Each structure stands twice: as C-alpha cells, then as structure tokens.
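Here the structure is laid out as structure tokens; the discussion comes afterwards.
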Amino acid sequence: MQLTVDDRIWLLDCGFGPEANAHFNPAWLEGAEAVFITHDHIDHIGGASHAVEAGLPIYATAQTAKALPPAAKVHLLPEQGQTTIEGVTLTTGRNGHAMGGVWLHFDLGEGFFYSGDWSEESNWFSFDAPPPAATAILDCSYHLDDVPQSDRFKALNALLDGVQGQVLLPVPPSGRAGEMALHLIRRYGCESVMLDPECQDTLRAALNSGAVSADAQDIAPLLGRGPMEQARFLICDTPNADGGAAWGYVRAWNESGRLGRDAHVVFTGHMTAHARGICSVPGGYFQRWNVHPPLRDQVKMLKRLGAQRFAPAFCTRPEEYLVEDLEAEVFFHDLVRL
C-alpha cells in the first residue's frame with residue numbers, strides 16, 4: 001500500500017504472489033520516495049528488485065535485508081525501537097510472524113499503524129504490543145475466521161495420528177518451521193523429526209540471534225543432525241512444495257508409488273495451485289497452522305490501538321467487515337480502499 005506523508009509517497013511492502021501468476025506491478029513505485037518492508041516472505045518482499053532498479057531507499061530490519069538484492073540502498077530498522085525519517089517518528093516492534101519481521105507505527109496525526117503480517121499465538125516468535133493509533137491497516141488474511149491456534153493443534157494432531165508412515169510438512173524456513181519443530185518434538189520426540197539443511201541454517205541463526213522465545217532452544221538437537229531419511233516427520237523448504245527439498249520428496253514419493261500409501265504431505269499455510277494439485281491426490285492434506293490473527297485477535301488489536309478508522313488488508317472480501325459489533329463491542333467501520 002502507499003502512504004502519503006505531506007507531498008511524499010512511501011510504499012509499505014512490495015511483494016507478489018504467492019500464486020505464480022501474481023506479479024508485482026511496478027506502477028506502485030511511481031512517485032514513491034522510499035519503500036518499507038516488514039519481513040522477508042515473498043508476498044511482502046518479492047518486488048524489491050524493482051525498488052532497487054528505481055534507486056529507492058529501502059527500510060528494513062537486518063534480518064529482512066539479507067533477502068534483498070545486493071545493490072539495495074538499505075536503511076536498517078530496529079526490531080524494537082524508534083527511527084526518525086524525514087521528521088516522522090517510526091516505531092517498530094516484533095510481529096510474531098517471521099524472523100526479523102516487524103509492524104510499523106508512524107507518528108502521523110493520532111497515529112498510523114500498519115501491521116504487515118502478524119500473530120500473537122506463536123510459541124516461537126516474540127510479539128511486541130504497539131502504541132495507540134487512530135488509523136489501523138491490519139492483517140486480516142484469515143478474514144472472519146475465529147479458530148484459535150489451540151484448536152488448530154488438536155486438528156493437526158488428530159490428522160498426524162491417523163496416517164501411517166512418513167509425513168512431509170512443507171514450510172517457509174523463516175516462518176513456521178521452528179514452531180512446528182517445537183510442537184512435533186514435544187509430542188513425538190526429537191528422533192521423529194528431521195529438518196532439511198535450509199531450515200537448519202535458518203533456525204540455527206534464529207537461536208543465535210536471541211530474538212525468539214526461550215523455549216526455542218528445545219529444538220537445538222535437530223540442528224547438528226545429518227540426513228535422516230527415515231524420520232517420521234520431515235520439515236522442509238518450500239511452503240508449497242514447488243521447490244527445494246519439499247518438492248524433491250514429493251516427486252520421489254510420487255514416482256515410487258509411496259505417496260498416499262506410506263508417505264504423506266500436509267500443507268499448513270496458503271496453498272498455491274501447485275500445492276492444491278498435490279492435495280487433490282491421495283496422500284495430500286491441508287490443515288491450517290495459524291500464522292495470521294484469527295478474528296478475536298484482530299478485534300483485540302483494534303481495542304489495544306484505540307483505532308477509530310480501520311482497513312482490513314490481505315483479504316478478498318473486505319466489505320464484510322462493514323458490520324456492527326461481531327460480538328466484540330466494537331465497530332468495524334470507515335473502511336478505506338487499499
């Protein structure tokens with residue numbers, strides 16, 4: 001989205017996808033003077049090369065900056081703290097969603113808050129409460145879905161307990177890989193879980209950073225372990241199994257006739273057409289793992305901010321928020337078009 005500050009235009013996130021045919025529109029950069037990126041997932045950072053080609057400064061945390069093109073003009077943001085940019089105070093805090101991921105609070109008017117993606121249910125990532133803001137653009141990826149993570153865990157456990165053989169869990173390494181490993185080793189034991197090298201490297205950096213919860217150290221035994229082809233649970237990059245180790249396992253299992261017999265794939269996040277295709281055959285499953293806020297947390301955030309104006313981001317039916325109450329003593333109102 002574009003934020004206009006006096007006569008300046010700042011672009012908040014510049015991603016594309018996650019569908020393969022969804023591309024970043026460079027027109028969003030017309031007139032922009034700077035780009036702010038909340039985290040390194042492709043639907044928030046994927047169009048950064050266009051910003052680099054345009055010579056625009058990019059504001060991001062050190063972790064997010066690692067995913068930017070080498071020529072990027074990076075201005076580092078703290079994961080927790082304040083930065084003054086052309087006279088405007090920007091407060092950032094950890095978003096509970098991704099390594100180095102932050103929300104953005106601009107000291108404009110009575111406060112402007114842009115969440116990017118966020119979650120308050122993670123046992124792995126830390127979340128910082130933002131200061132008050134009269135205007136809020138919130139992550140509403142789950143729309144009006146109000147199922148809490150505790151119920152998601154129960155459903156996932158029932159699914160995993162009900163299948164025989166190996167289970168591949170495709171994930172973004174900087175996203176839910178760590179908390180998924182934490183959940184599985186607590187329920188099934190360390191020896192049952194394998195991380196691919198990409199996940200190992202990312203999670204090793206996470207533990208060394210000190211930016212994740214204290215409980216995160218429980219996965220340390222997984223990080224020095226070599227290949228374990230017979231581990232029951234395989235946590236692998238990429239999240240839609242369209243590349244990396246995840247795609248390698250799916251292809252090998254399908255060619256050998258194991259998929260659907262003694263090998264299974266469980267997707268837990270947004271599925272592209274590729275992932276939906278895998279789920280359409282025996283051995284493919286979907287069971288959501290919350291990495292975005294359910295409705296109750298959206299409402300809680302608006303109350304915390306004291307928001308008077310609100311726009312739902314990343315959902316396909318924003319008009320459905322134009323209702324009164326939702327059993328939460330708030331109004332979703334003054335919807336703005338993103």
Review point. Can you name every residue in region 191-214 that is under 18 Å from residue 233 (Cα atoms) and aliphatic (A, V, I, L, M)?
Key: 193, 194, 195, 203
Review point. Mind checking which residues of region 93-147 are within 18 Å of residue 215 (Cβ to Cβ), open to solvent by 20 Å² or more (accessible area, probe 1.4 Å) and either assigned to a loop (DSSP other than H, G, I, E, B) or of a type in the set (Lys, Arg) (or both)?
Key: 94, 120, 121, 122, 123, 126, 128
Exercise for review: Please verify whether region 193-206 includes one or more residues that are more than 27 Å from residue 42 (Cβ to Cβ), out of contact with any helix residue (DSSP H, G or I) (no Cβ under 6 Å at 6 or more places or on another chain) and assigned to a helix (DSSP H, G or I).
Suggested key: no
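I need the helices (runs of 4 or more DSSP H) fully contained in region 243-315, keeping only those with at least 2 residues that are touching a helix residue (DSSP H, G or I) at 6+ places or on another chain (Cβ under 9 Å). Please lay out each step first, then the result.
Values: elements: 244-256, 273-279, 295-305.
Answer list for region 243-315: 244-256, 273-279.
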Review point. Looking at 38, 89, 64, which one is β-branched (Val, Ile, Thr) and over 30 Å from residue 242 (Cα atoms)?
Key: 89
Check your understanding: Considering only residues of region 148-169 that are on the phi < 0 side of the Ramachandran plot and in a loop (DSSP other than H, G, I, E, B), which is most open to solvent (accessible area, probe 1.4 Å)?
Key -> 164
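One line per residue, one yes/no per condition, for (1) at positive phi; (2) touching a helix residue (DSSP H, G or I) at 6+ places or on another chain (Cβ under 9 Å); (3) charged (D, E, K, R):
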site: 43; (1), (2), (3): no, no, yes
site: 52; (1), (2), (3): no, no, no
site: 57; (1), (2), (3): no, yes, no
site: 69; (1), (2), (3): no, yes, no
site: 87; (1), (2), (3): yes, no, no
site: 100; (1), (2), (3): yes, yes, no
site: 121; (1), (2), (3): no, yes, yes
site: 126; (1), (2), (3): no, no, no
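The values are calculated or read from the model by the stated rules, or taken from the named source; none is laboratory data. Quick caveat, the model's predicted, so the values are computed rather than measured. Note: ideal-geometry Cβ built from the backbone for every residue, glycine included; neighbour counts use all protein chains shown. With ligands, DNA and RNA removed, areas are computed over all heavy atoms of the protein, side chains included. Shrake-Rupley method; radii C 1.70, N 1.55, O 1.52, S 1.80 Å.
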